[in-house]
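The values are calculated or read from the model by the stated rules, or taken from the named source; none is laboratory data. This structure is a prediction, so every number in the text was calculated from the model and none was measured. Cβ sites come from the backbone with ideal geometry, for glycine too, and all protein chains shown count toward neighbours.
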Amino acid sequence: MGLLDWFKRGVGEMMVARPDDAKSHVVWKHPDTTVPMKSQLTVEADELAVFFRDGKVVSTLGPGRHTLDSSNLPFLSDLVDSFTGGDVFIAEVYFVSVREHAGVKFGGRVGHVEDPKSGVPVEAMVHGEFSFQVTDPERLITGLVGMGRAQSYMVRSWMKEQVLKVIRDRIGELLVKKDWPLLDVTSGAYTEEIEEEVLAGISGHVKSYGVRIPRLGNFVVAIDEEDADNLKKLYTDAAYLRTVGGVEGYRTFAAGKALMGAGEGMGKGGAGGDGAAGNGLLGGAGLGVGIGLAQMLVKDHRGGEMLAPAAAGVVCGKCSASVPPGKFCSACGAELAAEKEAAPAAAFCTGCGSPLTPDARFCGQCGHARG
């Protein structure tokens with residue numbers, strides 16, 4: 001070995017520090033356990049140096065340059081190797097980064113969660129980023145990393161699993177307790193609330209290892225596109241229910257809509273694509289049937305809507321009920337307005353619903369005798 005090589009080796013042994021290519025490691029172990037006395041230990045501003053001997057923590061040094069001498073660092077006296085005459089001490093030195101490590105990506109399945117608004121189970125997923133910070137280097141090494149050569153990916157991988165585990169539990173719990181519609185959750189309306197719950201929940205899982213997770217970033221809860229479309233349709237139907245006054249109101253609304261649709265369809269010729277039906281029986285009946293079906297939705301004497309036969313009659317001005325012609329309302333007893341004789345009520349065929357002229361004895365469309 002040349003003089004220059006010997007000098008370089010001697011200088012290297014006298015300098016104890018984390019190399020540049022290991023700066024990104026959460027925990028880095030110095031490769032040599034025999035350290036010459038009076039070596040220079042350099043600890044960066046964002047890390048701590050932890051000394052171990054025989055599996056036990058001896059001391060922790062903060063940022064700065066330290067001369068490793070038992071005269072200024074008394075704990076070193078317990079580490080001196082007696083076979084070297086006090087020139088070398090035996091210790092395992094770990095450099096632990098205590099800065100906040102940001103941009104750690106995570107993602108995975110939350111599982112099937114029930115949408116509180118519709119009651120439909122939906123497959124949910126989550127992805128985002130989080131940051132973590134070492135608060136107790138000694139606990140991290142003894143409780144998680146171990147005394148071997150530390151690998152940073154082990155710490156990050158374990159942290160990802162903990163975050164995803166808590167998110168699964170908390171999202172399901174929040175949907176049940178808070179009744180948050182799942183589409184509102186996926187829109188980001190409750191991102192801050194979910195983040196607070198997750199951070200509070202995960203604290204108990206990682207604190208015992210000397211780590212904390214201060215924040216989440218780009219946090220997204222997502223569901224399958226097809227599931228999202230189904231939920232939107234269900235929400236729309238629910239809005240119709242509220243508009244027409246609940247289930248019973250929706251039934252009346254749907255019945256009226258269906259009947260009016262049937263009348264329009266008959267007027268256009270039914271299912272025939274060539275319009276032949278429109279020129280025959282249903283051609284003249286369309287208008288009459290449409291009007292007749294529309295008349296079936298009338299108000300009852302309590303003010304609500306009901307389905308009633310389209311019988312000839314008058315509408316009471318007081319209770320809005322459809323009643324037979326006469327001087328008094330058969331529903332509430334109020335006096336009915338006198339009918340005008342000059343304008344007889346329009347007549348329709350009872351067979352096909354086509355309009356009839358006042359002097360017609362038979363229907364001109366279907367030949368049915370006038371009722």
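Odds and ends about this structure:
- Test for ALA238: is it small (Gly, Ala, Ser), under 16 Å from the mean Cα position of the chain (by Cα) and within 15 Å of ASP115 (Cβ to Cβ): no
- Evaluated against (1) under 30 Å from PRO31 (Cα atoms); (2) modelled with pLDDT under 85, VAL96 falls short on exactly one condition, (2).
- Some residue of region 157-174 being surrounded by fewer than 16 Cβ atoms within 10 Å (Cβ to Cβ) and polar (S, T, N, Q): yes
- The listed residue being modelled with pLDDT of 85 or more and crowded, with 22+ Cβ neighbours inside 10 Å, out of ILE141, ILE90: ILE141
- ASP115 vs. criteria surrounded by 19 or more Cβ atoms within 10 Å (Cβ to Cβ), touching a Pro at 6+ places or on another chain (Cβ under 8 Å) and either among the acidic types (Asp, Glu) or without any contact (Cβ under 8 Å) to a residue 24 or more places away in the chain (or both): yes
- Some residue of region 217-226 being more than 18 Å from GLU114 (Cβ to Cβ) and buried (at least 19 other Cβ atoms within 10 Å of the Cβ): yes
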